[in-house]
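Student: Quick one: this structure, given as structure tokens, is what I'll be asking you about.
What follows draws every value from the coordinates through simple rules; no lab data is involved. Just so it is clear, the model here is predicted, and its values are computed rather than measured. Note that we place each Cβ from the backbone using ideal geometry, even for glycine, and neighbour counts take in every protein chain shown.
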Amino acid sequence: MRSCKYLISVFGVLWAVCCLCTSANLFGDTIVLRQGQTLTGDILAEKKNFLIVDIGVDVLTIQKENILEYEYATDESVSTTASENVEDVNARAPESHRPSGQLYHTGESEKTTIEESVEAVSEAVLKVSTPVGMGSGFFINEDGYLITNYHVIERETRIEITMFKKAKDGFEKKKFKKVKIEAINPFVDLALLKVEDLGETKVEFVRLGDMDRVTVGEKTFAIGNPLGLERTVTDGVISTRNRAFEGLVYIQTNADINPGNSGGPLFNLAGEVIGVTNMGYIFFGGLGFAIPVDYVKHFVDNRDAFVYDKDNPNTGFKYLQPDRRHNKTEPTFLKSRAGGIENKGDQK
């Protein structure tokens, strides 16, 4: 009798497990792997490169590169493929904060790896070209506003922006020639530009970080176009937060910074801009410098004070003309022996 009760109990447990598995198969989220297997469970979290899935007896982490497709068990099921997940970086990014009237986005997010961060922010980094040179820059919002160094566009008004959009087989270049100079501050080497001929092109932008959370020794990386080598990534650490030069402080990093990096972003591992690269020693590696992001925020927040006007004498550097001659008497002219003609110049 006891044996029968025991068998009945075991059967009941097995039946309950089967019911749970059947229920999961009927109502759970579905993940199809590239090898052909199908998993059913609850997708607890969707990260950029992987899914966290509860299959009832265990919680799995599944890399998206191994997933063919997955579907949520909702009334309006959303089906997507792994290749579609890289098309909208900002949709996956943590929520950004942009109060009314503020041009840039902020928002604290979790630090990841350099590979993941580069994947998330690379489209927002640009090449800035003028008739005499080139540098780098980055979009700070979806409306086409971007930051670069003042010295990249100094005394130039013909500016071209090259955007690198992700495509099926790499990146696709998009060039924009209608670029407006919104504001400049030569004394901190910053310029605010706006691309006005974007049309239907979608802009990927980056978030500005917080210097209060930057620590010496933390990993960082830069993206730019050194020596014309587009979309170059260099990495390092923060050597110091406040290296002083001519009354201003700079972030010092051992990430390589070369000509062409100027105006590009220096990132932390959360993909937040913590500085704008603007100086480096060509013949000494490991000595790169960036304008702290707090200066960038102050510049953009007070852009009305730095608004660009080519007719305003306070715009950029103004070179004073030399004083006129104080001696009003006629100068003594030398005689030219060429042809025996006395050259007296333009006498008045």
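Student: If you average the sequence gap of Cα pairs under 8 Å that are 6 or more apart and divide by the length of segment 183-319, what percent do you get for the contact order?
Tutor: Reported as a whole number, the value is 24 percent.
Student: Continuing with the same structure: Could you tell me whether segment 208-300 comes out rounded, prolate or oblate from its Cα gyration tensor? Rule is a ≥ b ≥ c as square roots of the eigenvalues, rounded for a/c under 1.5, then prolate if a/b exceeds b/c, otherwise oblate.
Tutor: Since a/c stays below 1.5, the shape of segment 208-300 is classed as rounded.
Student: For a footprinting-style exposure proxy, rank K47, K328 by other Cβ within 10 Å, fewest first.
Tutor: K328, K47
Student: Now for a separate question. Cα gyration tensor of segment 166-253, axes a ≥ b ≥ c as square roots of the eigenvalues: rounded (a/c below 1.5), prolate (a/b > b/c) or oblate?
Tutor: Oblate is the answer for segment 166-253, as a/c is 1.5 or above yet b/c matches or exceeds a/b.
Student: Within 10 Å of each candidate Cβ there may be at most 15 other Cβ atoms; applying that plus a DSSP loop requirement, which trypsin sites (Lys or Arg not before Pro) in segment 100-206 survive?
Tutor: Sites meeting the loop and neighbour criteria: K111, R155, R158, K168, K177, K178, K202.
Student: Please give the contour-minus-distance gain from F50 to D143: 0.36 nm per residue of separation, less the Cα-Cα distance, rounded to one decimal in nm.
Tutor: 30.4 nm
Student: Just in segment 224-300: which GluC sites (Glu not before Pro) are loop by DSSP and have at most 15 other Cβ atoms within 10 Å?
Tutor: E246
Student: Computed FRET efficiency, Cβ-Cβ of R34 and Q102, R0 35 Å: what is it to the nearest 0.05?
Tutor: The value I calculate is 0.20.
Student: What whole number of Å gives the distance from the Cα centroid of segment 216-294 to the Cα centroid of segment 109-150?
Tutor: Cα centroid to Cα centroid, the span is 13 Å.
Student: Please work out the Kirkwood hydrodynamic radius for segment 114-195, using every pair of different C-alpha atoms, and report it in angstroms with one decimal place.
Tutor: 13.2 Å is the Kirkwood radius here.
Student: Ranked by Cβ crowding within 10 angstrom, fewest neighbours first, how are T215, T30, T329 ordered?
Tutor: T329, T215, T30
Student: Can you put H97, H105 in order of Cβ neighbours within 10 angstrom, beginning with the fewest?
Tutor: Ascending number of Cβ neighbours within 10 Å: H97, H105.
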